[in-house]
Amino acid sequence: MCNKFEESGLLYVSGELSPVEAREYESHVAVCEECRRETEAYQRERAELYTVDILSERPNPVVDAEILRLGSAARKASTAFMPMLFLKKYAALPIFIMLVMVAVGGYFRYHAMVADKLVAKYGGEATSSSPSDSAAPAAAYPLPVNDEELALSDSNKSASDTNAPFSKTRGNMNLEGVVTVKESVNEPGK
Amino acid sequence: MEQQTQQVTDDGQLFDKWLGGDPKGFSELYGRYSGRVFGFLLRMTGDREVAEDMLQETFLAAIRNVGQFDRSRSFLSWLFGIAHKRTIDYYRHAKVEADHVDDTDGSVGSKLETPEDSLSNKRLRKLVGEAVQRLEPSQREVFMLRELGGVPFKEIAEMMGCPINTALGRMRLALINMRKELKKRGIDNVQQI
Ligand SMILES: [Zn+2]
């Protein structure tokens, strides 16, 4: 019994052999009756029985409709409505950023106040370069700007984080995910 | 081969359409492949409702993981990879016994009455479907992934976590057993059809 059909013939028919390997198999088939018959039978079966038309099945049209609805809606959601999804999902983030800004601002204001007190306490030598006149405002203004930049880069990071589950749960969609898609689709549409 | 390349290109264009927010991209890909994926799921589970749920899960997983699609590969193979995972989960969680249908052979009932009977595709689909259902699950898996999903044997072996020789061995057995089962159902010689 020849095993060449199993080893190479199947790959030959499915087009997975390199040109050199394919020629090699063809020359084997030319001298091996068994492999020739098996190869021809398989090719014939593929052409006449194992066709897409015969092996395919249709689900209930309701299922088709539902998947198509989810499919087109999910695409819209993930492109056009992404910012809204982001806001919805990360509504707490802006509040957090504001708190940080207040905290940082307060920190510098406090230091400015301390500096003012020090200046008041230890006299006028330092007046011209008083931290309260120049350093403190200089520190107070750039900082919120930085915070905004921080907030922006933060939000970018978070926006890409929203995509993270998509890439991490490769092929592991569960029904929770389905619900998420539905929700996120319906919400921005309103 | 050329046709296959063409198909891959077309899929890529539809895919871009879909990614670009045009729902037609998705609906065309769905129209093109859902029947194959469903055929696979139906034969693997033997349960229409379960297969319908899994079809939905498969396409939704595709939607969610759309960024992971490797453009150099075939979209259909990728889709079948996802569907295949659903069937693994199904077998694992449902603890489905290898669903060998009781051997109360339906061959007599479905035997062709006369040689002149032209086999409509509908009838052929039924008989071939029954034969596929009879295959031992691992053979059925390879057979369906290859014949319906067009998944290369190399990728089938990866999906099933087995050496390629094992996948090829299962395929050969599947072909032999399909012939036996089809013969029981009156499809003896492919040339007659
Ligand atoms: Zn041989």
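The values are calculated or read from the model by the stated rules, or taken from the named source; none is laboratory data. These numbers were taken from a predicted model, which means no experiment stands behind them. Backbone-built Cβ (ideal geometry, glycine too); neighbour counts: all protein chains shown. For the accessible areas, the whole protein counts, side chains as well, though only heavy atoms, and no ligand, DNA or RNA atoms are used. Shrake-Rupley method; radii C 1.70, N 1.55, O 1.52, S 1.80 Å.
Results, tabulated for the structure shown:
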| read-out | value |
| --- | --- |
| Above-threshold pairs, the threshold being 27 Å between Cα atoms, out of B:K85/B:K154; B:K17/B:K122; B:K24/B:K154 | B:K17/B:K122; B:K24/B:K154 |
| 5 angstrom amide H check on B:E136, placed H, neighbours 5+ away | none |
| Where GluC sites (Glu not before Pro) fall in DSSP loop in the range A:40-76, at most 13 other Cβ within 10 Å | none |
| Total formal charge among the other residues, if their Cβ is under 9 angstrom from that of B:M178, Lys/Arg +1 and Asp/Glu -1 | +1 |
| Within-13-Å neighbourhood charge of A:C35 [Cβ basis; K, R +1; D, E -1] | -4 |
| Integer Hz, Karplus 6.51/-1.76/1.60 couplings in order for the range B:162-167, x for Gly and Pro | 9, x, 4, 4, 5, 4 |
| Test item: A:61-73 mean partner chain Cβ contacts at 10 Å | 6 |
| Local electrostatic count at B:K126 - Lys and Arg +1, Asp and Glu -1, tallied over other residues with Cβ under 11 Å | +2 |
| Contour excess over end-to-end distance, with Cα ends at B:I176 and B:I88 and 0.36 nm allotted per residue | 29.2 nm |
| Peptide A:39-50 - average C-beta neighbours from other chains (10 Å radius) | 5 |
| Accessible area buried at the B-A interface, both sides summed, 1.4 Å probe (Å², nearest 100) | 5300 Å² |
| Whole-Hz ³J(HN,Hα) from phi, Karplus 6.51 cos²θ - 1.76 cosθ + 1.60, for the range B:127-138, glycine and proline x | 5, 5, x, 4, 5, 4, 4, 6, 5, 4, x, 5 |
| Number of partner chain Cβ atoms within 10 Å, mean per residue of B:52-60 | 6 |
